[in-house]
């Protein structure tokens, strides 16, 4: 991973708006590729586990390959726009491939459209996301965009397990008598990939949430793994989670490297689906060389503070990336360990601000 073309100073810590509510199962659309056996099986399992109505499911036919062309992606976007009504606020894409449209990720293109300028210079600046750090819990209604996430895992069995972890996570943390959990922010000696450590929150307990932040060298996790991890971030080309690491249901985990979103095994790097195989419920990776712009990766404080307020995995991850054109979001979208299971989504309105950690 080359350094960013204009590294400048690390972005300052950001304030996070208070949110009220979160996405619900009735607000998510599911897209299944009928030409992909994995997609059909995983999509049907997701529909059952989240209780989605038939009208919430769109069947399409797509080539099962790593990257689509922009025209194919636009056809897919048109099918999605024509099928789902205004109540559908977010999308689950039930496949592993395609994961990209040229240099853009499939989740970015489905959500925001193809960004050809990014492919002229993949290391260049991206376009700001309208979802970044927003309080909305109805993004299509409020902003005209549907964040999307890929139900991707190494195989069908791993995908089923990922989905089941997401469902089991709902409402399990952050309240009285709930289990204690950890968030791990690991520092490495890889200078190019460790840049995000400038944004890591300080260590210690976070209010009354039952979560403790750990911020230190990667060896610290192996020495004393502590409570189950609900969030883990690191900068590394490849990383083997220690055997002692336990995962909470609904855990988010990602690493800053060039090709974490290249899911066809051609990059030689640890990928988002490797995190899923390890026990995470959602992850993030980039599908083309992004350089190490902090804006192209999940902001450590933003993703954590949205998740702690009860946001779903898809909301917390999408709201934490400022330039998401190359960002692939992978996992069970509705996992919400800090959100009450039956909490109805409500507009946030004008709300107080939660200070950064």
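The numbers here are math on the coordinates, done by the rules we state, and not lab data. Remember, it's a predicted structure, so these values are computed and weren't measured experimentally. Here the Cβ positions follow ideal geometry from the backbone for every residue, glycine too, while neighbour counts run over all protein chains shown.
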* Name the most mobile residue of 246, 115, 223, meaning the one with the largest mean-square fluctuation, in a Gaussian network model of the chain with Cα contacts below 10 Å. => 223
* To do: Quick one: among 271, 209, 107, which has the greatest mean-square fluctuation in a GNM of the chain with alpha-carbon springs under 10 angstrom?
  => 209
* Asked: At what distance in nm do the modelled label points of residue 238 and residue 69 sit from each other, each positioned 7 Å from its Cα along Cα→Cβ?
  -> 3.5 nm
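Would you mind telling me the antiparallel percentage of the DSSP bridges in the chain, rounded to 5? Present the calculation step by step, with values, prior to reporting the outcome.
Numbers: 11 of 43 bridges.
Around 25 percent of the beta bridges assigned by DSSP in the chain are antiparallel ones.
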* Please order 145, 206 by the number of other Cβ within 10 Å, starting at the fewest. => 206, 145
* To do: Go through [x] 31, 23, 22; [y] 43, 27, 23; [z] 27, 24, 20 and flag the label whose value is the computed semi-axes √(5λ) of the Cα gyration tensor in Å for this structure.
  => [z]
* For residue 79 and residue 41, compute 0.36 nm times the residue count separating them, minus their Cα-Cα distance, and round to one decimal in nm. => 11.6 nm
* With springs connecting C-alpha atoms under 10 Å apart, model the chain as a Gaussian network and identify which of 54, 217, 324 has the largest mean-square fluctuation. => 54
